[in-house]
Every structure is written in structure tokens, then in C-alpha cells.
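One structure is given here, and the rest of the page talks about it.
The values are calculated or read from the model by the stated rules, or taken from the named source; none is laboratory data. Here the structure is a predicted model, which means the values were calculated and not measured. All Cβ positions, even for glycine, are placed from backbone atoms using ideal geometry, and neighbour counts span all protein chains on display. Ligands, DNA and RNA are stripped out before the accessible areas are found, and what is left, the full protein with its side chains, is counted by its heavy atoms. Shrake-Rupley method; radii C 1.70, N 1.55, O 1.52, S 1.80 Å.
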Amino acid sequence: ELKEKGADKPCSTSALWLLETIRTSPSGAGAAAPPPAQQADAPASRSLLLLDLDNTLVHTFVGDRPAGDVLACGRPRTWCVKRPHLARFLHEASQRFELGVFTASPKSVATEKLDWLDTERVLQRRWFRCSCVEEHGLYLKDLRVVSADVSRVLLLEDLPFIGARQPDHVIPIRPWSGDSGDTALTDLLPSLIRLARCPQPTKALRGMLGLAARARDVVRHSPPDG
């Protein structure tokens, strides 16, 4: 099940608490849609799966150059590495979804990483920091930037509260910081394949995870954990 795949704890108590706090804040509740980016809406034939970049698909760090396929990031001893099984994940997901990237990184930084990792060129639809909503000291991702109809738009995100404007569209994944034994991306594939077959994937995801309802319960009954 999606609740058990791809994360030790799909959403910690603190992440759920922050998600609900952002969602119900005066600036978040009923917030107007941000200006749409200059890209067309998702095609009607397939749902759109948006992928976060840093600590979801790749990890960037300062240190000695690791072995294997790495990207030098233009600063001394700064490297970018791909999450294990990334190529397989992108290939299989692209057979079932329209794929895109929605990252809080600036375009100048993210484009180099995306051009390097996207060997099959399946991530042509890209949204960067300039498409985020700056609020609470965070760069939130309002999916209405991508499409006026978000009913078939999903977001894979290691910080689920970043998608607080549409919490039931968020697929949490544990943050990745370089563990070579990580299997989170391939663990998610069976659930993603099921979602891709659904005519209303966000409704199905709400039934599988129910992040918004869980976040409400956390705020009602528990303080945030550390």
C-alpha cells in the first residue's frame, strides 16, 4: 500500500501539523489561484504527475567526489547524485503519466540537474521557484499554477506540507540524502500504476492516504513532534 511504500513514515506528525497549519492560515484558506505559468494544461488522455527535484530525485552535497555518474554543480566540491533506480522510475512512470517537475529551486540551478538526469527526455514540462507561492518562509506549490483543473494533477514531494494548498493531491516520499540502498522510487511504482488507471486519481489518492483528514486529526489531538 502507498501508506507503507517509499517512506518509513509517509508523513510525520510534525509534517502533518505544519500542513494543516498552512492550509488553514488566513493567507492559505481560500487563497486565490496564482497566475498560471505559460504552459498548456495537462492533456486529457493522461493524468499529470509532478515530481519534486531535490531530495526526491537527486541529492546535492559538498564533499569528495563520489564514484559513478555525478554532476559537478559549479561550486568547489559540490556534487549532485541520482536517487537509486531513478532511470527505471522515470521510464515506467512516463508510460502511464504525463510527467513534469515542480521544484522550489531557481530555474538556473534546476535546469542543469534536469538536463543531466532526464536521459529519456520525459521531463519537458517544468515549473521552478518563480511558479511557487512564497508564504510562511516556504515556497509552496499551488497546483493551480499548472492547470485550471487540478483533478488529475498529482505531486510527488518529500515535504508534503509544501503542497498544503491541495493536500489530497500529494504523494509523500521520504527525503533522500544519498543512501545507496534506497528503494523508495521503485516501491512506489505499484501504487502509481494503480492511480494511473483511475479516472479520478486524486479521489483515489484521498482514499489511500487521506492526508488532509489525517492532518486535521493531528492538529485536533496532538502537538507537533520534534
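Computed quantities for the displayed model
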quantity: Rounded to the nearest 20 debye, dipole of the stretch 129-196 from Cβ charges on Lys, Arg, Asp, Glu; calculated: 220 debye
quantity: Using alpha-carbon coordinates, inclination of helix 184-196 to the longest axis of the chain, degrees; calculated: 50 degrees
quantity: Residue-averaged 222 nm ellipticity for the chain, from DSSP H runs of 4+ at -39500 (n - 2.57), nearest 500; calculated: -8500 deg cm²/dmol
quantity: Prolate/oblate/rounded call for the chain, Cα gyration tensor, a/c under 1.5 rounded; calculated: rounded
quantity: Sorted peptide list for 106-118, 150-162, criterion being average Cβ within 10 angstrom, highest first; calculated: 150-162, 106-118
quantity: Dipole in debye (nearest 20) - the chain, about Cα centre, beta carbon charges: Lys, Arg +1; Asp, Glu -1; calculated: 360 debye
quantity: Spatially close lysines, pair count over the chain: Cα under 21 Å, gap of eight or more or interchain; calculated: 8
quantity: Three-way shape label, the stretch 128-170, alpha-carbon gyration tensor, a/c 1.5; calculated: oblate
quantity: Rounded to 5, the percent of DSSP beta bridges in the chain classed as antiparallel; calculated: 40 percent
quantity: Nearest 10 degrees, 0 to 90: helix 107-117 Cα axis against the chain principal axis; calculated: 60 degrees
quantity: Solvent exposure ordering (accessible area, 1.4 Å, most first) of TRP79, TRP17; calculated: TRP17, TRP79
quantity: In degrees, nearest ten, helix 211-221 long axis to first principal axis of the chain (Cα); calculated: 60 degrees
quantity: Extreme residue, positive dipole direction of the stretch 41-176, given options SER45, VAL122, GLY100 (C-beta unit charges); calculated: VAL122
quantity: Cα gyration tensor shape for the stretch 96-172, rounded if a/c is under 1.5, else prolate or oblate; calculated: oblate
